[in-house]
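The structure under discussion appears below in the form of structure tokens.
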Amino acid sequence: MTDKPIKSDEQWRQELTPEQYQVLRGKGTERPFSGAYWDAHDDAVYKCAGCGTQLFRSDEKFDSGTGWPSFCAPAAADAVATEVDRSHGMARTEVHCARCGGHLGHIFEDGPAPTGLRYCINSASLKKDPPVR
Ligand SMILES: [Zn+2]
């Protein structure tokens, strides 16, 4: 990881939409059922809206009923990194892009087999692209 995009807050503000900035850099959460991808079912890859790293795939996406895009695993184990988030009086596992550090969402342990994990991700953190074949 020698090409980490180190950007100033001002650069992020210029490059991202206000909603992307609020989620990726401000660790915000979009309203459920409001994002672009919670109900997307097509064959696709989901890239980081901040730096373009491939984070998730439609293969691991499932309908969680929560109103946020949900995945049982990332596209690659080292694509994302986690941190304990103790905000709002809870201990949750925050997940962010390993490359640019952009906030993606949280991980919960109520997902489907085989991982049992639910990566609850904000649409605003993602950019959907056709799959690479
Ligand atoms: Zn990123």
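The values are calculated or read from the model by the stated rules, or taken from the named source; none is laboratory data. Predicted model, so just to flag it, every value in this text is computed and none were measured. Cβ atoms come from the backbone with ideal geometry, glycine included; neighbour counts cover every protein chain shown. Surface accessibility is based on the protein's heavy atoms, side chains included, excluding ligands, DNA and RNA. Shrake-Rupley method; radii C 1.70, N 1.55, O 1.52, S 1.80 Å.
Across region 24-55, the number of residues qualifying as within 12 Å of the ligand (Cβ to nearest atom), open to solvent by less than 40 Å² (accessible area, probe 1.4 Å) and not small (Gly, Ala, Ser) comes to 6. Looking only at region 1-23, residues that are open to solvent by 70 Å² or more (accessible area, probe 1.4 Å) and not in a helix (DSSP H, G or I) come to 5 in all.
One residue alone among Ser70, Ser125 is within 16 Å of the ligand (Cβ to nearest atom) and surrounded by 19 or more Cβ atoms within 10 Å (Cβ to Cβ), and that residue is Ser125. Selection over region 24-58 of residues that are in a loop (DSSP other than H, G, I, E, B) and either among the charged types (D, E, K, R) or free of Cβ contacts under 8 Å to residues at least 24 places away in the same chain (or both) gives a count of 8. Of the residues making up region 77-97, those that are within 13 Å of the ligand (Cβ to nearest atom) and either in a strand (DSSP E or B) or open to solvent by 20 Å² or more (accessible area, probe 1.4 Å) (or both) are Asp78, Val80, Ala81, Val95, His96, Cys97.
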